[in-house]
Amino acid sequence: MAVLSAAALLVGSVPAATPAVALAPAVAPVATAAPAVTAQAKVSADDAVDRVVAISVDGLNPDAISELGRARTPNLHWLMRHGASTLNARTAREQTRTLPNHTGMLTGRRIDPGHGGHGVTSNSDTGSTVHRAAGHYTASVFDVVHDRGGSTALFTAKEKFALYQRTWNTHGAADRVGRDHGRAKIDRFSVDTDNERLVAKVTADLRRSPRTFTFVHLSLPDAAGHDHGFMGKEYLRAVQETDRLLGEVIRTIDSRTALRRQTMLVLTADHGGRGAGHSTASDSANYRVPFMIWGPGVAAGQDLYRLSSGYQSPGSARTSYSGAQPIRNGDLANLATDVLDLPRVPGAEFNRRRTLDPFR
């Protein structure tokens with residue numbers, strides 16, 4: 001793995017409570033576009049990153065972050081000030097539901113199997129696999145990391161994520177890359193429907209044996225949205241509680257020198273939501289999601305669209321898969337392999353050219 005350069009040190013540290021810095025706008029203004037980044041410059045920019053922690057907040061509508069503000073979501077706003085971000089990323093176009101979009105995050109694929117997608121259209125665990133839904137073995141970021149000797153983990157607050165344990169452990173492919181690391185691609189798979197306990201397990205794992213790639217799924221906003229309505233009082237309270245749990249993860253990383261100097265944290269969501277639900281894929285409240293990146297060398301307080309010349313901000317449009325693309329939650333898989341200096345996820349469409357660039 002790469003050696004940290006002095007230029008890659010993080011700017012500031014996460015506060016124990018509410019940050020004392022004045023509130024920044026959701027996406028910090030930039031006077032001029034960032035200069036083009038050459039291939040060589042990008043390689044050196046991410047050399048310090050040896051680990052990725054990816055967090056998906058189930059049902060996180062970006063409007064909730066703006067409405068609650070820095071006072072009530074200090075850690076989400078800290079990520080935006082100390083990392084690169086956008087509150088205008090997109091889900092998969094076909095659906096704005098949990099399992100289809102999380103499968104996209106892990107595989108880098110759209111949903112429609114007729115166009116190379118992963119094929120997972122059900123939002124419940126049917127006892128099958130992603131491979132069967134796609135019609136062929138479908139590799140994930142877990143495959144790429146694990147087969148090259150890295151350690152992986154998936155922590156989830158929903159039992160239906162057993163789909164991924166069945167897919168990439170029970171039915172994982174043989175490792176044909178160098179030394180055989182086995183068919184099970186997820187070294188630790190943990191389900192706990194209590195988000196507080198789940199995060200305690202995540203932070204303990206980070207302190208004891210930090211993985212090369214860790215995926216964390218938090219469910220509180222989605223649960224509150226379905227029970228009481230998305231963007232309502234109970235939902236916003238759940239986003240605040242999730243922000244507190246996020247702070248525990250950030251502080252675990254930031255308070256340990258080795259973790260802070262080697263770890264990139266990526267946060268996104270599977271869908272948003274407003275009112276009664278989130279299943280209508282043409283509703284902007286459902287298809288808009290945040291995408292935040294923090295770690296060594298990441299440009300602090302910058303707009304991801306300004307940094308990533310291969311993407312185009314979609315405004316309020318839903319967007320299709322043709323033409324200039326928005327940042328999508330499915331870009332996560334190849335962002336992780338890129339910064340870890342690993343090959344692309346086989347068959348992945350999203351961020352295939354790996355131009356999502358959080359560095360200056």
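Values quoted throughout were computed directly from the atomic coordinates according to the rules given, and no laboratory measurement underlies them. Just so it is clear, the model here is predicted, and its values are computed rather than measured. Positions of Cβ are generated from backbone atoms using ideal geometry, with glycine treated the same way; all protein chains shown enter the neighbour counts.
So how strong a dipole does the range 153-219 carry about its Cα centre when Lys and Arg Cβ are +1 and Asp and Glu Cβ are -1, to the nearest 20 debye?
Here the range 153-219 has a charge dipole of around 180 debye.
Would you compute, from DSSP H runs of 4+ residues alone, the mean residue ellipticity of the chain at 222 nm, taking -39500 (n - 2.57) per run and dividing by the full residue count, rounded to the nearest 500?
-9000 deg cm²/dmol
Test of the criteria: in the range 186-294, which trypsin sites (Lys or Arg not before Pro) are in a DSSP loop and have at most 16 other Cβ atoms within 10 angstrom of their Cβ?
Passing both the DSSP loop test and the Cβ count: 256.
Beta carbons within 10 angstrom, averaged per residue: use that to sort the peptides 212-224, 170-182, highest first.
Put in order of decreasing packing, that is 212-224, 170-182.
Taking H placed 1.01 Å from N in the peptide plane, check which residues at least 5 places from residue 89 or on another chain put their amide H under 5 Å from its amide H.
Excluding prolines and chain starts, which carry no amide H, the hits are 289, 291.
With the cut-off at 1.5 for a/c, could you classify the range 283-360 from its C-alpha gyration tensor as rounded, prolate or oblate?
Oblate is the answer for the range 283-360, as a/c is 1.5 or above yet b/c matches or exceeds a/b.
Of 150, 114, 330, which is the most mobile in a GNM of the chain whose springs link Cα atoms less than 10 angstrom apart?
114
For every other residue with a beta carbon closer than 10 angstrom to the beta carbon of residue 342, add +1 if it is Lys or Arg and -1 if Asp or Glu, then tell me the sum.
Numbers: positive: 148, 344; negative: 147, 338, 341.
Here the count lands on -1.
So, with +1 on the Cβ of K and R and -1 on the Cβ of D and E, and no other charges, what is the size of the charge dipole of the range 225-360 about its Cα centre, to the nearest 20 debye? Mind dumping the intermediate values first?
On the way: 17 positive and 14 negative charges, 63 e Å.
I would put it at about 300 debye.
In Å³ and rounded to a whole number, note down the convex hull volume per residue for the Cα atoms of the chain. Please report the intermediate quantities before stating the final value.
Working: hull volume 44.8 nm³, N = 360.
In the chain, the Cα convex hull volume per residue is 125 Å³.
Report the full-extension gain for the segment residue 183 to residue 197: residue separation times 0.36 nm, less the Cα-Cα distance, to one decimal in nm.
Length difference between fully extended and current span is 2.2 nm.
Going highest first, how would you order 60-66, 347-353 by mean Cβ packing within 10 Å?
Result, highest mean Cβ count within 10 Å first: 60-66, 347-353.
Can you count the Lys pairs in the chain whose Cα atoms are under 24 Å apart, with each pair 8 or more apart or on different chains? Don't skip to the end; give the middle numbers.
Details: 158/185; 158/201; 158/233; 160/185; 160/201; 185/201.
Qualifying lysine pairs in the chain: 6.
Explain nothing, just the number: relative contact order of the chain, from Cα pairs under 8 Å at least 6 residues apart, as a whole percent.
Details: 829 pairs, mean separation 111.8, N = 360.
After rounding, I find 31 percent.
Rounded to the nearest 20 Debye, what is the dipole magnitude of the range 47-339 about its Cα centre when Lys and Arg each give +1 and Asp and Glu each give -1 at the C-beta?
380
What's the local net charge at residue 193, with K and R +1, D and E -1, over the other residues with C-beta under 10 Å away?
Once all neighbours under 10 Å are counted, the net charge is -1.
Charges on Cβ only, +1 for Lys and Arg, -1 for Asp and Glu, centred on the Cα centroid of the range 70-227; of 150, 163, 114, which one is farthest towards the dipole's positive end?
It is 150.
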